[in-house]
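Nothing in this text is a laboratory measurement; each read-out follows from the coordinates by a stated rule. Just so you know, these numbers come straight off a predicted model, no measurement behind them. Cβ placement follows ideal geometry from the backbone for every residue including glycine, while neighbour counts extend to all protein chains displayed.
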Amino acid sequence: MAAAPPLLEAKDVNVVYEPARGVRIWSVRDVSLSLAPGEFVGLVGESGCGKSTLGFALTRMLRAPARMPSGEIVFDGQDIASLDGEPLRRQRRGGFALVLQSGMNALNPVRTVGRHIGDILKAHATDGEKWSRSAIRERGAELLGKVRLEPDVLDRYPHELSGGMRQRVSIALALALEPRLVVFDEPTTALDVIVQQAVMKTIKDLQREEGFTAILISHDLGVVLEATDRVMVMYGGEIVEDQPSSALLTGPHHPYTEALLGCYADPRADEIELGGIPGTPPDLSLPAGGCPFTARCPEAIEICGTVDPELTPLGRGVAACHVRAGTGTAASVPGTAAAVPHQATADTTEENRHAR
């Protein structure tokens, strides 16, 4: 039986920030990826690598000064990168949604939760579809129930809710139009560990029950490995590795992935030593020239600094590395099978081809 076509396929996506004053920042550089229906994929990397910007691009939520000068984003056979206005609005219903990092920032402080839900339903109503007050409350109660909240939350304002409840409301709003793709942009940021775990359980349960495709963007590699089927590692605006989650703790890997894993320790050990990644991330205002990790990589060779590596087979997935993927061999990181704890944080044309 032939495999189902991908739900979303991105090809050579570039995103640049162009402030009125200052330099251009090429935050996403020729990224290509594919998502299958019902797949749960993690996207990890240190701050500033372009994770959130990529999530915004895939859901067409970029706003000035960011723009996408080149690339395709094909969702269910339609290139949504070329859509604007009403055609794009229609695609969002039953299409794709984004859950933002902070529930408080995502919600209007002077509108109740019920008003938020009503606004979405009315804005995306089909021709002839009418949403009465009672119908909105019924749909709102249904959505809140999915995220384990009581119907009386419909009458409350954002400031009356805890951080975890606000994040659950944000998830409920994202589900209002029954999307087939949901991007969760660091949904547990600023939540305590217990609430993080509860929110992540809700997300995993919803993904399994509703069957939507999901991308989980996070600094927390432990959470990503536990929740997802597959992990993409991002560095310097590029996807440098893509592996099944079950394979990420046993090599071979891109050197950056190994360095990232080395920033975690086994909490059961008598003595804990945390590693780090020497050096600084690349300057994304400059054109790319070779592998973005070259300056920090202990295994870099001459070609690494001049030729940009392509994603090629490595282990059970792919990686962009001349040294590792070029030979297909690498030693696994000592102790990594037990080193990544649950709930740990590692925050650690000419224009079209600028990124290359």
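By the rule of a C-alpha distance below 17 Å, with chain neighbours fewer than 8 residues away ignored, the aspartates and glutamates paired with LYS130 are ASP119, GLU138. Here mean projected area of the Cα convex hull in nm² was computed from the coordinates, and among (i) 16.7; (ii) 20.2; (iii) 19.2 the match is (ii). Scaled against 2.2 N^0.38 Å for its residue count N, the alpha carbon radius of gyration of segment 1-77 is 1.21. Label-to-label distance, ALA198 versus LEU62, with points set 7 angstrom from Cα along the beta-carbon direction: 3.8 nm. Taking 21 Å as the limit for the C-alpha separation, the pairs LYS146/LYS204; LYS11/LYS51; LYS11/LYS204 exceed it in the case of LYS11/LYS204.
Here the 3J(HN,Hα) profile of segment 101-108, calculated from phi with Karplus coefficients 6.51, -1.76 and 1.60 at θ = phi - 60°, is 4, 10, x, 5, 6, 7, 10, 7 Hz, Gly and Pro shown as x. Note that segment 289-305 has calculated 3J(HN,Hα) couplings of x, x, 5, x, 8, 3, 5, 10, 8, x, 10, 4, 10, 4, 5, 4, x Hz, one per residue in order, obtained from phi through the Karplus relation 6.51 cos²θ - 1.76 cosθ + 1.60 (θ = phi - 60°); glycine and proline are x.
From its DSSP helices (H runs of at least four residues, each -39,500 (n - 2.57)), the chain gives a residue-normalised ellipticity at 222 nm of -7500 deg cm²/dmol.
Amide hydrogen proximity for LEU7: with H placed 1.01 Å from N in the peptide plane, the residues at 5 or more positions away or on another chain lying under 5 Å are LEU35, ALA36. Across segment 8-233, Cα pairs under 8 Å and at least six residues apart give a relative contact order of 29 percent. Charge dipole (Cα centre; +1 on Lys/Arg Cβ, -1 on Asp/Glu Cβ; no other charges) of segment 30-161 amounts to roughly 420 debye. Taken about its Cα centre, segment 157-290 carries a charge dipole of about 420 debye when Lys and Arg each add +1 at the Cβ and Asp and Glu each add -1 at the Cβ. Think of the chain as a dipole: +1 on every Lys or Arg Cβ, -1 on every Asp or Glu Cβ, centred on the Cα centre; then among PRO6, GLY103, PRO298, GLY103 lies furthest on the positive end. Its relative contact order, with pairs defined as Cα atoms under 8 Å and 6+ residues apart, puts segment 152-261 at 19 percent. Between segment 264-309 and segment 139-207, the C-alpha centres lie 35 angstrom from each other. Take the Cα of ASP79, step 7 Å toward its Cβ, do the same at ASN108, and the gap between the two points is 3.5 nm. Distances between placed amide hydrogens fall under 5 Å for ALA214 paired with GLU39, PHE40, VAL41, VAL182, all partners being 5 or more residues away or on another chain.
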